[in-house]
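Below is one structure, written out as structure tokens, with a few remarks after it.
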Amino acid sequence: MPSTGAKVLGVLLYMIPWSDSLTFGNHLYLKYPFIQIIQIPAIPIILIERSIPFGSLLLFLAIFLGLVRNNKVSYFLRFNALQSLLINIGIIIISFIFEIIFSPFLNSLIIRTFSSTLLISLFSVIVYCVWSCTQGNEPDLPVVSQATKMQL
């Protein structure tokens with residue numbers, strides 16, 4: 001059973017992919033301003049990433065080298081750190097696809113619908129991961145958890 005500190009750090013690790021997924025809801029925040037409340041948990045991560053030059057890269061390296069590759073850290077923390085980083089990499093790839101391929105069509109209904117669906121899906125995944133961490137369990141995401149276990 002992980003300690004309370006490990007559970008809290010596990011929850012905080014999942015705020016990294018959450019902070020990067022918030023861009024998918026830009027049009028939702030304009031239409032429904034009360035939804036902006038879901039941004040609050042990601043504010044510390046956003047501040048760290050924006051206040052330090054290359055903040056997101058440095059945060060990634062610090063977590064990867066300091067937690068994931070450190071055998072002195074508990075498996076629970078290493079697992080959650082790597083899984084949150086893998087989720088974040090997937091979000092970054094999807095963001096690049098949106099910027100490169102779909103940029104001329106950003107105001108079309110189908111792209112806004114896909115973006116909203118993506119935000120809601122990522123919100124569900126992050127809530128599930130946070131809930132599992134608070135319970136002291138490893139979140140079991142079908143493909144991501146298998147890749148995480150293979151790397152650890």
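The values are calculated or read from the model by the stated rules, or taken from the named source; none is laboratory data. Since the model is a prediction, treat every value here as computed from it, not as a measurement. Using ideal geometry, Cβ is built from the backbone for each residue, glycine included, and neighbour counts are taken over all protein chains shown.
Structure notes:
- Only residues that are surrounded by 11 or more Cβ atoms within 10 Å (Cβ to Cβ), free of Cβ contacts under 8 Å to residues at least 24 places away in the same chain and within 30 Å of L109 (Cβ to Cβ) were counted across segment 32-72, and they come to 3.
- Contact annotation: residue pairs with Cβ atoms under 9 Å, 6 or more positions apart or on different chains, pairing a residue in segment 73-85 that is under 17 Å from P17 (Cβ atoms) with a partner that is in a helix (DSSP H, G or I) and of a type in the set (K, R), are F79/K149.
- Residue in segment 9-30 that is among the charged types (D, E, K, R) and surrounded by fewer than 19 Cβ atoms within 10 Å (Cβ to Cβ) present: no
- Residue count for segment 116-148 satisfying the condition of being of a type outside the set (A, V, I, L, M, F, W, C), assigned to a helix (DSSP H, G or I) and closer than 25 Å to L82 by Cα: 11.
- Qualifying residue in segment 95-114 (condition: within 13 Å of the chain's Cα centre (by Cα) and either in a helix (DSSP H, G or I) or loosely packed, with under 15 Cβ neighbours inside 10 Å (or both)): yes
- Of residues in segment 131-152 being in contact (Cβ under 8 Å) with a residue 60 or more places away in the chain and of a type in the set (V, I, T), the one surrounded by the fewest Cβ atoms within 10 Å (Cβ to Cβ): T134
- Unique residue being touching a Gly at 6+ places or on another chain (Cβ under 9 Å) and at pLDDT below 95 when the list is V73, V68: V73
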